[in-house]
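Engineer: Here it is, the structure in full.
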Amino acid sequence: MMQAMAFFNALEDHINKNLAFVAYRKPDENVIKAFLQKDKQSYTTTDFSESGFVFSDFCGTKSLLIPEANSEVISTEYKSEKPATETSEYIPEITNTEAQKQHEALVAKGIAEIKSGSMKKVVLARKEQNPTQLSVLSIFKNVLENYPKAFCYIWSHPESGIWIGATPETLVKVERNRFKTMALAGTQAFKGTIDEAAWTPKEVEEQQIVSDEIVQKLKDFKVAAGEINLSDPYTVKAGNLLHIRTDISGVLDNDNLSNLLESLHPTPAVCGFPRENAKEFILKNEHSDREFYSGFLGEINLKQEVKRNSNRRNQENQAYASISKQSQIFVNLRCMKLTEGKAEIFIGGGITADSNPAAEWEETVNKSYTIKSVLVN
Ligand SMILES: C=C(O[C@H]1C=CC=C(C(=O)O)[C@@H]1O)C(=O)O
C-alpha cells in the first residue's frame, strides 16, 4: 500500500505520458487500486480470457484491456476529508430548452414505437456538455468523496480518452463458479426516506422487465447450471436518487466469462426489451454516440486468495487458503468523458408505454445532478 500522495502522483505521471491506466474503488471499500500500463500498445480482448481490467463500449464493438501482465499494480487507502453526504449541491442552470425539446421528441418517438408493438421497453439517453475548471484528478477525488457506495473509477486510454464515473450497477461478479448480478431500474429523487419510497406501476413494470429478461437470457445462453436465485425487489439509494433492485445469483455451468457477458449485456436497464429491437432503435434515433456510456468495465480473471475461515482464533484454517479467479464488472452509468476543460455527461432513462416525455426529461435532469456535482469545488 502506498501513500495517497505518491499514488495520485503516479496517476498524474501516466496522464502526462499518455499511458493507459485505470484507478478505482469498489462499493463500500476504502482501498483505491490502479493498473498502470507500462507500454504504449493498445490492447483489446475478444474472449475475456486474459487477466486485467476491461473497458467495453455499449455496442459491443470495442473492449479495451489493460492487461495485468503489462501493468504495475498499486493501491492506497482512501481517507475522506469531509463526511460523506451523497447529496448533490449542484445548482441547476437555466433549463436548456433546445435539449429538452430534442429529448422529449426522442422519448415520444420511443413511446410510439412501443405502442406499435415492436418492443416493450427502450432506454433512451442524451449527452450534455458542461464546462469545468477542475483537473481530472480533482474531479476523481470529488467522485471518491461523494459516492462511497458506488463503484468509482477513472479510466484513461489513448483510444477512448479519459472517463470518470460512479456507477451503482453491477453487471456481474464471478467468484469460482458462482455469479451475482442485479436488475436495477426505476428512478425517483431521494427525499429523505428509502424504505417508505412509493413506486408507480410504470416503474415497477420497468424494473420487472429487467429482472425477467436477465433470468431468461441466463437460461437461453445456458450459463446457469441450475436454479437461479432472486431476491424480492427492494429500494436502493444511489447519490441523490432511488432505484428498485433485485439481486440475482446462481452457479455457472462453465467458466466461460465471454458467454456470460454476452448473455447479460446490454440488459434492459440500459438497452430495452426485446434487446435487438431496442438496440436498433437506440442506434438509429439517439442524437449522440453512446461510446463507452452504458457499456461495462471492471476486473476480469484476477487471482484472489480465498480464505475458508476468517476466524482468527482458528489458525490452522489459514492452511486452507486457496487461489481462485474473480471477475467483477460494472455497468458504465453516471459517467462522463473529459476533454480539456469540458465534461460530457451521459444520462438515460427507461421508457415504457406509460412514460411521459416531460417526466422522462426531468429524470435525466435529476440523474445529471448526481454526476455534475463533482465538477465544481
Ligand atoms: C440508464 C441509466 O440508468 C439506468 C439504471 C437505473 C435506473 C434507470 C431508469 O430508471 O431508467 C436506468 O435503467 C442512466 O443512469 O443513464
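Engineer: I need the GluC sites (Glu not before Pro) found in region 160-226, filtered to DSSP loop residues with at most 13 other beta carbons within 10 Å of theirs.
Structural biologist: Qualifying residues, ordered by number: GLU196.
Engineer: Carbon and sulfur together cover what percent of the accessible area of the chain at a 1.4 Å probe radius?
Structural biologist: Numbers: 8360 of 17470 Å².
Heavy-atom surface of the chain belonging to carbon and sulfur, 1.4 Å probe: 48 percent.
Engineer: If you take the beta carbon distance between ALA225 and VAL204 as r and set R0 to 30 Å, what does 1/(1 + (r/R0)^6) give as a FRET efficiency, to the nearest 0.05?
Structural biologist: 0.50
Engineer: When a/c is below 1.5 the answer is rounded, else prolate if a/b is larger than b/c, else oblate, so apply that to region 6-51 with a ≥ b ≥ c taken from the square roots of the Cα gyration tensor eigenvalues. Mind dumping the intermediate values first?
Structural biologist: Values: a/c = 3.25, a/b = 1.12, b/c = 2.91.
Cα axes put region 6-51 in the oblate bin.
Engineer: Still on this structure, please answer the following. So which trypsin sites (Lys or Arg not before Pro) in region 205-299 end up in coil per DSSP with only 16 or fewer other C-beta atoms within 10 Å?
Structural biologist: On the way: sites: LYS217, LYS219, LYS222, LYS237, ARG245, ARG275, LYS279, LYS284, ARG290; in loops: LYS222, ARG290.
Passing both the DSSP loop test and the Cβ count: LYS222.
Engineer: Right, here's the next one. Expressed in nm to one decimal, what extension gain is obtained for the pair SER49 and ASP232 from 0.36 nm per residue of sequence separation less their Cα-Cα distance?
Structural biologist: Roughly 62.6 nm would be gained on extension.
Engineer: Between ALA189 and GLN216, what is the FRET efficiency for a Förster distance of 35 Å, r being their Cβ-Cβ separation, to the nearest 0.05?
Structural biologist: The pair ALA189/GLN216 has a calculated efficiency of 0.65.
Engineer: What's the magnitude of the charge dipole for the chain around its Cα centre, counting Lys and Arg as +1 and Asp and Glu as -1 at the beta-carbon? Answer in Debye, nearest 20.
Structural biologist: So the dipole magnitude of the chain works out to roughly 540 debye.
Engineer: For LYS38 and THR61, calculate 0.36 nm times their separation in residues minus their Cα-Cα distance, and state this gained length in nm to one decimal. Please report the intermediate quantities before stating the final value.
Structural biologist: Working: separation 23, 0.36 × 23 = 8.28 nm, distance 2.49 nm.
Contour length minus Cα-Cα distance gives 5.8 nm.
Engineer: Right, another one. Under the 0.36 nm per residue contour assumption, what length would be gained going from the current alpha-carbon distance of ASN30 and ASN9 to full extension?
Structural biologist: Full extension of this stretch gives 5.7 nm more.
The values are calculated or read from the model by the stated rules, or taken from the named source; none is laboratory data. Model, not experiment: these values are computed from the prediction. When we count neighbours, we look across all protein chains shown, and the Cβ atoms used for this are built from the backbone with ideal geometry, even at glycine. Surface accessibility is based on the protein's heavy atoms, side chains included, excluding ligands, DNA and RNA. Shrake-Rupley method; radii C 1.70, N 1.55, O 1.52, S 1.80 Å.
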